[in-house]
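Note sheet for the following structure.
The values are calculated or read from the model by the stated rules, or taken from the named source; none is laboratory data. Because the structure is predicted, anything quoted here is derived from the model rather than measured. Because the Cβ atoms are built from the backbone with ideal geometry, glycine has one as well, and the counts that use them run over all protein chains shown.
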């Protein structure tokens, strides 16, 4: 470890979790991440609005699951770096007994795991260093904290864009959901290219060419396919600011991030 940075963290290549952290005003990023984030923002200035909208959707959907749907267990895959209103904070504010498992494969997230592990004494919070492409490993390890005989809220926030192939991405979602009982929920959102069009596409292509793990923008219809077989909660799969906006937040403006919440019925 040099200068407090674990030796297995490559600070010469930008990383999406650290760029996202930078856009959200965090400090867990490096010069290469800030440069990539600034370059993206020069081409597509509204990317910060997209990042915030995705985060706010996560907050509202977790609050809905804990408050209205009665979910007390959460599996957050691809959690990213700690920031305001992490899943366990939102859930445990509603119900202190909530149990939350975070999953990520970024060494810097692992280095910050202690920040994620501070939850309520009534509940439980755990962190797994695992890869989205290996659902079986995730489920096996998460079963040490979560009871898969009881409903679980599966969170996939801004992560499936890293899986280029649609069939593979849908397979990952299905394999995770198949292990969960009826009454479980999926909260999912990802980046699109319908609101800003060519601007966001150009910015994303420059990012993908930077050496970072590529992120693939999908259409709202492609994102809606992740909810096949689920009972989708109103208002459906929509631009994130339009999903059950807080009454005092003002009129929501669509951005290039679409998401929804669906219930597993059987």
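Of all residues in segment 168-202, those satisfying the criterion of being under 17 Å from residue 215 (Cα atoms), in contact with a helix residue (DSSP H, G or I) (Cβ under 9 Å, 6 or more places away or on another chain) and not in a helix (DSSP H, G or I) are 188, 189, 190, 191, 192, 193, 194, 196. The number of residues in segment 147-167 that are closer than 23 Å to residue 265 by Cβ, surrounded by fewer than 24 Cβ atoms within 10 Å (Cβ to Cβ) and either out of contact with any helix residue (DSSP H, G or I) (no Cβ under 8 Å at 6 or more places or on another chain) or modelled with pLDDT under 95 (or both) comes to 4. In segment 217-232, which residues are outside any loop (DSSP other than H, G, I, E, B) and either at pLDDT below 90 or out of contact with any helix residue (DSSP H, G or I) (no Cβ under 7 Å at 6 or more places or on another chain) (or both)? Passing the criteria: 220, 221, 223, 224, 230, 231, 232. Considering segment 24-39 alone, what residues qualify as being modelled with pLDDT of 85 or more and either crowded, with 17+ Cβ neighbours inside 10 Å or more than 28 Å from residue 193 (Cα to Cα) (or both)? Those that are modelled with pLDDT of 85 or more and either crowded, with 17+ Cβ neighbours inside 10 Å or more than 28 Å from residue 193 (Cα to Cα) (or both): 29, 30, 32, 33, 36, 37. For segment 60-88, a residue qualifies if it is buried (at least 17 other Cβ atoms within 10 Å of the Cβ), in contact with a helix residue (DSSP H, G or I) (Cβ under 7 Å, 6 or more places away or on another chain) and modelled with pLDDT of 95 or more, and the qualifying residues are 62, 63, 66, 71, 74, 75, 76, 77. If you take the residues in segment 10-23 that are in contact with a helix residue (DSSP H, G or I) (Cβ under 7 Å, 6 or more places away or on another chain) and surrounded by fewer than 17 Cβ atoms within 10 Å (Cβ to Cβ), which one is modelled with the highest pLDDT? Only one residue tops the list, namely 13. In the set (1) in contact with a strand residue (DSSP E or B) (Cβ under 8 Å, 6 or more places away or on another chain); (2) under 25 Å from residue 22 (Cα atoms), the condition left unmet by residue 106 is number (1).
Close Cβ contacts (under 7 Å, 6 or more residues apart or on different chains) running from residues in segment 10-24 that are without any contact (Cβ under 8 Å) to a residue 40 or more places away in the chain to residues that are surrounded by fewer than 24 Cβ atoms within 10 Å (Cβ to Cβ) and assigned to a loop (DSSP other than H, G, I, E, B) comprise 11/30; 22/29. Restricting 254, 235, 214 to residues that are surrounded by fewer than 19 Cβ atoms within 10 Å (Cβ to Cβ), in contact with a helix residue (DSSP H, G or I) (Cβ under 7 Å, 6 or more places away or on another chain) and within 23 Å of residue 171 (Cβ to Cβ) narrows the list to 214.
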